[in-house]
Structures are given as C-alpha cells and as structure tokens.
Amino acid sequence: VQLQASGGGLVQAGGSLRLSCAASGRTFSTFDMGWFRQGPGKEREFVAAISWIGGSTYYAHSVKGRFTISRDNAKNMVFLQMNSLKPEDTAVYYCAAAPYIRVGSRSDAMDYWGKGTQVTVSS
C-alpha cells in the first residue's frame, strides 16, 4: 500500500481544514487507517483511526469532538476533517495503514506511511 497525504496549510485558530490520504494497492480496504501527527520537538502521536470492518472510529482525547475521520474504500481515500483548530494542533500530519489501529497505537506498529502534510494553526 502506498499513501499520499494532502490538504495541510495555514489556518487561524477556530478554523477548519480537511486532510486527504490517497492510497494505492489492492489490499487498502483490508487495513485499518489512521492519522498521526508530530509537532515541533515532539514524538509522533496517534490522532484518529478508522477500522476496515464496520468503519468504527477512534480518536485521541485531545481531538475528540473536533476531528472526524472517514474513509471511502471505493476510491481508496481516507479523510480527516479538522474543526475548531487550536495552535497546539500545529504539526506534520501523516496517514498510516496497519491491520489494527486503535487509540494509543504506537507509530512503530504501522505497516505503511504516507509523506506528511504540514498543518499550522495561528493564534
């Protein structure tokens, strides 16, 4: 599976952005998909995930209620709608694929990564 994230940018606090992740590969629909982020001087951290069976969603506490993850298996796409953005959401955002992704999943447990997309939230 090859992944390509896009949609990052500069936005003011309180604004919204929608990230997209395009996947290639015939087995996309059998992987859980996730978004991680890495802020300046920080470790890469779990943000959100969506399962390949049933489309169940999982969120880090810091983004729950503000971010929404979704997927379109027919188009091999995953999305992260980010609302009410805060300066602390500033990071490089990465999409990832693995057979199983849940809250707190470690970044080193992911099978595939896309190149990151920068999100900058100004105060």
Checklist entry - Taking K and R as +1 and D and E as -1, what net charge do the other residues with C-beta under 12 Å from the C-beta of Cys21 add up to? => result +3
Item to check | For the chain, alpha-carbon Rg relative to the globular expectation (2.2 N^0.38 Å, N residues) | outcome: 0.96
Checklist entry - How large is the accessible surface per residue of the chain, computed with a 1.4 Å probe and reported in Å² as a whole number? => result 51
Checklist entry - Between Ser107 and Arg66, how many nm apart are label points set 7 Å from Cα along the C-beta direction? => result 1.9
Item to check | Highest average packing first - 82-95, 6-19, Cβ atoms within 10 Å | outcome: 82-95, 6-19
Checklist entry - Round to a whole number: what % of the accessible area of the chain belongs to carbon and sulfur, probe 1.4 Å? => result 49
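The values are calculated or read from the model by the stated rules, or taken from the named source; none is laboratory data. As the structure is a prediction and not an experimental result, all values here were calculated from the model. Methodologically, a virtual Cβ is constructed for each residue, glycine included, from the backbone with ideal geometry; neighbour enumeration extends over all protein chains shown. For the accessible areas, the whole protein counts, side chains as well, though only heavy atoms, and no ligand, DNA or RNA atoms are used. Shrake-Rupley method; radii C 1.70, N 1.55, O 1.52, S 1.80 Å.
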